[in-house]
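First comes the structure, then the notes that go with it.
The values are calculated or read from the model by the stated rules, or taken from the named source; none is laboratory data. Quantities reported herein were computed from a predicted structural model and do not represent experimental measurements. Note: ideal-geometry Cβ built from the backbone for every residue, glycine included; neighbour counts use all protein chains shown.
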Amino acid sequence: MRRRLLEALDYATTIRQRLTVYYETAYRMSANFIDQVRRQGIVGSGGAGFPAYAKLKQPVDLFIVNGAECEPLLHKDKELMKAFGDEILSGMARIRDHLGASEAVLGIKEKYHDVIDALQAKLPEKIRIHPLGDFYPAGDEFVLVYEVTGKVIPRGGLPLHVGIVVMNVETVLDVALDRPVTHKYLTVGGAVHDPKTVRAPIGASIREVIDACGGANVAPYAVLSGGVMMGKLVRNIDDPITKTTGGLLVFPDDHPLIAKYRRTYTEVNLIGKSACDQCSFCTELCPRYLLGHPIEPHLAMRALGFSHEKMSLVVGTHFCCECNLCSLIACPEDLDPKNVCVQNKQELRAQKIMYPEDAPVRPPHGMLDGRRTPVSRLIVKLGLKHFENRGPLVSISLNPERVVILLKQHVGAPATAVVKMGDRVQEGDVIATVPENQLGVPLHASMAGMVNDVTDAFVEIRRE
Ligand code: SF4
Ligand code: SF4
């Protein structure tokens with residue numbers, strides 16, 4: 001950017017001209033950068049897939065990169081930081097400068113000494129590493145911001161509200177590589193023959209990716225996509241990989257964790273109603289409650305007792321981040337306060353019931369430091385000891401016969417296909433777009449081939 005600015009300034013002779021050129025060029029280039037990130041189709045690579053360009057529209061004080069990766073068994077970000085340290089640091093510097101932030105901070109688990117040492121040796125100016133404890137959910141944006149700065153993001157707010165932008169490691173890598181997002185890095189672990197971290201084409205099936213890692217070593221098996229704490233049970237093994245698939249974990253079908261993921265809301269509510277003893281352990285361990293947010297899952301559980309056909313609603317469940325700590329770790333009765341909070345939250349949203357804005361704000365809980373849940377405890381409590389592995393990043397040859405690229409892979413407006421059946425595409429070609437005035441990003445072909453099907457929900461490309 002600096003070189004291009006100087007070139008532009010060479011043509012201006014007077015101070016006034018030079019100032020005009022400076023501001024116009026800087027504005028254009030910064031708009032170009034936002035446009036570049038949008039055109040690349042970059043979205044947050046975990047969670048809901050928030051379009052990355054939308055975080056680049058206003059200056060902030062601090063830029064934080066989330067390398068916390070606190071889900072047990074997932075370690076794709078660690079592998080990326082090992083393999084692409086230079087690219088990630090250069091992406092951080094680029095985004096920091098664009099945002100006008102005073103510095104960029106990379107939050108990494110302190111236990112990854114090798115990664116920290118390697119990066120520390122080449123840290124540019126105004127980039128530093130913040131070592132994090134090995135607890136869950138250190139990667140939750142609210143928790144991460146608190147750990148790095150001591151600031152609490154207001155309830156229902158964003159990091160932007162405290163002058164911060166947070167992006168994850170793979171997003172920053174995508175920005176640095178300046179190429180369309182056609183593939184996704186994934187940890188494939190658990191009960192597979194050859195656990196690995198791989199780069200898979202978006203739209204390949206979950207089954208193909210697991211098979212590329214030697215396949216399941218148990219039968220029958222079930223798959224959690226995105227992690228054991230915040231992931232989802234895969235209902236159809238032939239579903240496609242998307243931009244937000246963070247990892248695939250295979251378990252024996254009768255693993256207790258899988259049984260929990262299979263419980264229906266009716267079961268969750270009936271068992272909860274009859275067995276909750278209101279011990280409030282779920283609230284006492286809730287990371288958002290500990291930050292001072294008004295979420296108390298035991299109150300949502302209590303309300304089940306007053307629910308008949310419809311659930312009695314409890315305000316404050318708005319602020320549940322669905323970390324699952326209350327259900328999988330805190331509750332001694334094996335109940336599911338998380339899913340009760342989720343149902344509450346959905347109904348509050350449907351009925352447009354807001355949390356009162358003028359309600360008092362609580363400071364973080366005095367016991368916050370002592371109530372962090374170590375990842376090692378999750379591993380023991382959830383029966384994961386047997387599935388721990390390091391699954392290094394390796395290059396695999398995954399050449400699917402077809403890819404199915406979903407048109408809704410991000411927060412905002414779904415993309416609309418701009419290709420039709422019979423079109424030939426190359427890897428990286430744009431196949432779907434979102435109007436410029438709407439939140440969203442384009443989608444790209446993840447392999448060369450012929451467009452075989454186009455619907456409102458997906459584009460299918462077949463290898464020729
Ligand atoms: S899932 Fe449970 S522990 Fe996590 S934020 Fe929601 S209520 Fe709190
Ligand atoms: S921890 Fe379990 S039993 Fe205790 S209040 Fe929460 S849901 Fe009820």
> Scanning region 287-334 for residues that are crowded, with 22+ Cβ neighbours inside 10 Å and hydroxyl-bearing (Ser, Thr, Tyr), which turns out nearest to ligand 2 (Cβ to nearest atom)?
Replying inline: Ser327
> Does any residue in region 315-342 that is farther than 20 Å from Gly139 by Cα come within less than 8 Å, Cβ to Cβ, of a residue that is within 11 Å of ligand 2 (Cβ to nearest atom) and of a type in the set (D, E, K, R) six or more places away or on a different chain, and which pairs are these?
Replying inline: Gly316/Glu296; Glu333/Asp277
> So which residues in region 45-73 are in contact with a Leu (Cβ under 8 Å, 6 or more places away or on another chain) and farther than 14 Å from Leu158 by Cα?
Replying inline: Pro51, Pro59, Val65, Asn66, Gly67, Ala68, Pro72, Leu73
> Mind checking which pairs have a first residue in region 269-285 that is free of Cβ contacts under 8 Å to residues at least 40 places away in the same chain and a second that is within 16 Å of ligand 1 (Cβ to nearest atom) and assigned to a helix (DSSP H, G or I), Cβ under 8 Å, 6 or more apart or different chains?
Replying inline: Lys273/Leu304; Gln278/His298; Gln278/Met301; Gln278/Arg302; Ser280/His298
>> Just to be sure before I move on: is Pro287 modelled with pLDDT of 95 or more, under 25 Å from Lys381 (Cα atoms), within 7 Å of ligand 1 (Cβ to nearest atom) and in contact with a strand residue (DSSP E or B) (Cβ under 9 Å, 6 or more places away or on another chain) in the structure I sent?
In response: yes
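Would you check if Ile353 is within 14 Å of ligand 2 (Cβ to nearest atom) and β-branched (Val, Ile, Thr)?
Numbers: within 14 Å of ligand 2 (Cβ to nearest atom): no; β-branched (Val, Ile, Thr): yes.
No.
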> Which condition breaks for Leu248 when tested against (1) modelled with pLDDT under 95; (2) more than 15 Å from ligand 1 (Cβ to nearest atom)?
Replying inline: (1)
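From the residues in region 408-444 that are hydrophobic (A, V, I, L, M, F, W, C) and in contact with a Ser or Thr (Cβ under 7 Å, 6 or more places away or on another chain), which one is surrounded by the fewest Cβ atoms within 10 Å (Cβ to Cβ)? Let's see the steps before the verdict.
As a first pass, look at region 408-444 and keep what is hydrophobic (A, V, I, L, M, F, W, C): 411, 413, 415, 417-419, 421, 425, 430-432, 434, 439, 441, 443.
From what is left, the residues that are in contact with a Ser or Thr (Cβ under 7 Å, 6 or more places away or on another chain) are 415, 418, 432.
On the way: Ala415: 24, Val418: 15, Ala432: 24.
Selected residue: Val418.
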> What residue, among those in region 214-228 that are touching a residue at least 40 places away in the same chain (Cβ under 8 Å) and surrounded by fewer than 24 Cβ atoms within 10 Å (Cβ to Cβ), is farthest from the chain's Cα centre (by Cα)?
Replying inline: Gly227
>> Looking only at residues that are part of a loop (DSSP other than H, G, I, E, B) and within 10 Å of ligand 1 (Cβ to nearest atom) in region 292-323, which one is nearest to Ile379 (Cα to Cα)?
In response: Cys323
> When you scan region 324-343, how many residues do you find that are within 9 Å of ligand 1 (Cβ to nearest atom) and among the charged types (D, E, K, R)?
Replying inline: 1
